[in-house]
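The values are calculated or read from the model by the stated rules, or taken from the named source; none is laboratory data. Given the structure is predicted, the values throughout are model-derived calculations rather than measurements. Quick reminder, even Gly has a Cβ in these numbers, built from the backbone with ideal geometry, and neighbours come from all protein chains shown.
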Ligand code: ADP
Ligand code: TYD
């Protein structure tokens, strides 16, 4: 069955404003009569919950296991028949996800070769490629300040040095995959409404009735 909904992935380092922009885009689409399912990775699933335990330091494991768990969580997110993404898209519902495989390419490639991760995610890429990936670009020092202002605890990858490496790897992955992926990079260090306007200007056309 040909899928009819659009699939948009938001990417960015921790605290870059993905959640804020997804909320705004969802509101705008729903106002225009376009149904939206909002979701995230790691997903709210048994595998996603295990990843969360690792992120908060309750469960310890190795980097290759973490990378493999993200692959498993992603495939389950796409394929499961209760709330899997293909099911929504095939019904004509648009899907916006907070993180998708570029998160793995960027975060896991700090510890593992990027090609290993891209290859491991190939089944997901072949099953479901985003119509567009929106990358919200913010300096890691700025996002760490935002995180420190808003939260008492930090997760596994939430350190400035680590996020500097991760941001670099996002751009490496975009360059590597520029022929097969549609990527929109926006400056995320300005007024949230201004960012939302630019995103709408660049991708709103996908939803013309
Ligand atoms: P993410 O989902 O990428 O972690 P959030 O949308 O949760 O990011 O934003 C992280 C924090 O930064 C929140 O406290 C949010 O209110 C704030 N924030 C989001 N966008 C901006 C922005 N453009 N400028 C300043 N602060 C922002
Ligand atoms: P997220 O739920 O976005 O963080 P939070 O709820 O704390 O804002 O993601 C949790 C962490 O998982 C985040 O640091 C990014 C990381 N991550 C990966 O390392 N690889 C992946 O493939 C994904 C989807 C997330």
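Here are a few things to note about the model shown:
- Total residues in segment 120-133, condition touching a helix residue (DSSP H, G or I) at 6+ places or on another chain (Cβ under 6 Å), more than 18 Å from residue 12 (Cβ to Cβ) and not in a loop (DSSP other than H, G, I, E, B): 3
- Within segment 3-24, being in contact with a helix residue (DSSP H, G or I) (Cβ under 8 Å, 6 or more places away or on another chain) and either without any contact (Cβ under 8 Å) to a residue 12 or more places away in the chain or within 12 Å of ligand 1 (Cβ to nearest atom) (or both) holds for 10, 11, 12, 13, 14, 15, 16, 17, 20, 21, 24.
- Residues that are in contact (Cβ under 8 Å) with a residue 40 or more places away in the chain and within 16 Å of the chain's Cα centre (by Cα) within segment 57-93 comprise 67, 71, 74, 75, 78, 85, listed in sequence order.
- Residue in segment 134-141 that is away from ligand 1 (no atom under 16 Å from the Cβ) and either surrounded by fewer than 21 Cβ atoms within 10 Å (Cβ to Cβ) or outside any helix (DSSP H, G or I) (or both) present: no
- Within segment 166-194, if we keep just the residues that are assigned to a helix (DSSP H, G or I), touching a residue at least 12 places away in the same chain (Cβ under 8 Å) and more than 17 Å from the chain's Cα centre (by Cα), the residue that is farthest from ligand 1 (Cβ to nearest atom) turns out to be 176.
- Subset of segment 185-194 that is exposed (fewer than 15 other Cβ atoms within 10 Å of the Cβ) and in contact with a helix residue (DSSP H, G or I) (Cβ under 8 Å, 6 or more places away or on another chain) - its residue that is farthest from residue 114 (Cα to Cα): 193
- Verdict on residue 5 being crowded, with 17+ Cβ neighbours inside 10 Å, in a loop (DSSP other than H, G, I, E, B) and away from ligand 2 (no atom under 12 Å from the Cβ): yes
- Complete set of residues in segment 67-96 that are part of a helix (DSSP H, G or I), away from ligand 2 (no atom under 14 Å from the Cβ) and surrounded by 15 or more Cβ atoms within 10 Å (Cβ to Cβ): 79, 86, 87, 88, 89
- Top-ranked residue in segment 29-58 [being within 16 Å of ligand 1 (Cβ to nearest atom) and under 21 Å from residue 186 (Cβ atoms); ranked as surrounded by the fewest Cβ atoms within 10 Å (Cβ to Cβ)]: 38
- Qualifying residue in segment 59-66 (condition: under 18 Å from residue 163 (Cβ atoms) and either more than 16 Å from ligand 1 (Cβ to nearest atom) or surrounded by 15 or more Cβ atoms within 10 Å (Cβ to Cβ) (or both)): yes
- Qualifying position, being at pLDDT below 95, within 13 Å of ligand 2 (Cβ to nearest atom) and not in a loop (DSSP other than H, G, I, E, B), among 147, 117: 147
- Among (1) closer than 16 Å to residue 183 by Cβ; (2) more than 13 Å from ligand 1 (Cβ to nearest atom) - the single one residue 112 does not satisfy: (1)
- Residues of segment 126-135 include none that is more than 27 Å from residue 35 (Cα to Cα), at pLDDT 95 or above and within 17 Å of the chain's Cα centre (by Cα).
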